[in-house]
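Chemist: The structure follows.
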Amino acid sequence: MWTPLADTLLQLVESMVAPAGTGLTVTEAYLEIPLEVQSAMKNGEVVFYGIPPHSRWKAGVLPEVHMSRMRIELTGEA
Amino acid sequence: MVGDGGFLVEEFINAITSQLDRVQDSLRVKAVNRPLTYALKDLTLELKVFVDMDAQGNVRFRTSGPNESGSSVVHLGFTTITKPMIEENTISLATTRSASLEDLGLGPEDRQKLERVGVRNLAQLNRLGSSTGVQTIARLSDVSFDRLKQAIAMGRPQVHAVQPEPPPKPRPIPQAPPKAGPVFTPSRGPVFSPQQPPVIRVAPGVTKLNLRGANLMGEDGPASVRLNNRLLAVSEADNDQLAVHLPEQFESGALEVSLPDGNKVTYELSVMDGDQWAPNGDMS
């Protein structure tokens, strides 16, 4: 099941939350995440899909894994 | 897309950018109801792709599939930039609204040759032409000189019509009185009439003038319109039409349209007195 890259990135950003009640705040996070990516036409537009790897093991039948690096920052209190 | 699933590099990058925009928009929306706001500042992707070139000479990327070896690695870095940075690093919106090369009658091959020297529309063609000369563009792009001259001529700014908004009611055609007696028609000798600018009749309550034409958007913005040397504010501007506001108390006088290529078109704006358009031509 391929998921648009945006949805995967949002899930990753959402995951950068300190456990409730600890009083901690994540101010910055740097992630290195392997992703399986795919691009396809949808409604006449190219859509870029990106999901975490199916497995930690390498197999010829699994999609290629691409490395992604991202920096997430706390930009201010709303 | 080509048969093997490859995409143009531009489409490929746009697809990723579009996904990143969605991330930022979603985070911004979520921030409305949340005490903390996060942003994705940077994203780097090391993409394993196969790079191909199609028959038209366009480079295409195809992401590597299962068990494929020999792929290239493309490092793409995305970062958030501010509005001033966007303005500094991109062409103006006015430029993008200029007539496309297709509108100028150039075929796909000529368009591609011009795009390779950074010309994607009329405004860019004119700018390069004015700095280096059309001959140089022809030599660099390998598009024939005559073809370029023809395209530039086709893209010359023109005003086809100027109409007040709301437009005046059509003037009733007066009935000719019945002829009484013989009519003497003097023979017409040579008449000298200096070329008069076209007259635009405008009722006193009119607030806007609509100009219709072609290539009215230049690189520095739309054509400008002056009434009695007073610049009129533009309310709407597009490549084929322009709307300008008339001042509250405007008077008859010269209406000058300065086109993006530097040429000027002059009209005579005539403010109608009283109710000229009353039935039976009653001017009272």
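The values are calculated or read from the model by the stated rules, or taken from the named source; none is laboratory data. Given the structure is predicted, the values throughout are model-derived calculations rather than measurements. Because the Cβ atoms are built from the backbone with ideal geometry, glycine has one as well, and the counts that use them run over all protein chains shown.
Chemist: Run down B:L259, B:L255 and say which single residue is in contact (Cβ under 8 Å) with a residue 24 or more places away in the chain and in contact with a Gly (Cβ under 8 Å, 6 or more places away or on another chain).
Modeler: Matching residue, one of B:L259, B:L255: B:L259.
Chemist: In the range B:1-20, what count of residues is obtained for those that are more than 8 Å from chain A (Cβ to nearest Cβ), under 26 Å from A:V17 (Cα atoms) and not β-branched (V, I, T)?
Modeler: So the count comes out to 0.
Chemist: What number of residues in the range A:12-41 are of a type outside the set (A, V, I, L, M, F, W, C) and more than 10 Å from chain B (Cβ to nearest Cβ)?
Modeler: 5
Chemist: Give the range B:200-222 a look and list any residue that's hydrophobic (A, V, I, L, M, F, W, C) and at pLDDT 90 or above, or say none.
Modeler: Within the range B:200-222, B:L209, B:L211 meet the criteria.
Chemist: Give the number of residues within the range B:127-168 that are aliphatic (A, V, I, L, M), part of a strand (DSSP E or B) and closer than 14 Å to B:N215 by Cα.
Modeler: Residues meeting the conditions: 2.
Chemist: Could you name every one of the strands (runs of 3 or more DSSP E) located completely within the range A:19-78 that has at least 3 residues being of a type in the set (G, A, S)?
Modeler: A:28-42
Chemist: Looking only at the range A:42-74, which residues are within 28 Å of A:E28 (Cα to Cα) and facing chain B (nearest Cβ under 7 Å)?
Modeler: Matches in the range A:42-74: A:F48, A:H66, A:M67, A:S68, A:R69, A:M70, A:R71, A:I72, A:E73, A:L74.
Chemist: From the set of residues in the range B:21-40 that are among the charged types (D, E, K, R) and surrounded by fewer than 16 Cβ atoms within 10 Å (Cβ to Cβ), which is nearest to the other protein chains (Cβ to nearest Cβ)?
Modeler: Here the answer is B:R34.
Chemist: Still on this structure: Pick from the range B:52-75 the residues that are loosely packed, with under 15 Cβ neighbours inside 10 Å and part of a strand (DSSP E or B): which of them is farthest from the other protein chains (Cβ to nearest Cβ)?
Modeler: Within the range B:52-75, the match that is farthest from the other protein chains (Cβ to nearest Cβ) is B:M53.
Chemist: Name the single residue, out of those in the range B:41-51 being within 7 Å of chain A (Cβ to nearest Cβ) and under 37 Å from the mean Cα position of the chain (by Cα), that is nearest to A:A18 (Cα to Cα).
Modeler: Checking each candidate, the answer is B:K41.
Chemist: Could you figure out which of (1) over 20 Å from B:L27 (Cα atoms); (2) not in a strand (DSSP E or B) isn't true of A:E14?
Modeler: (1)
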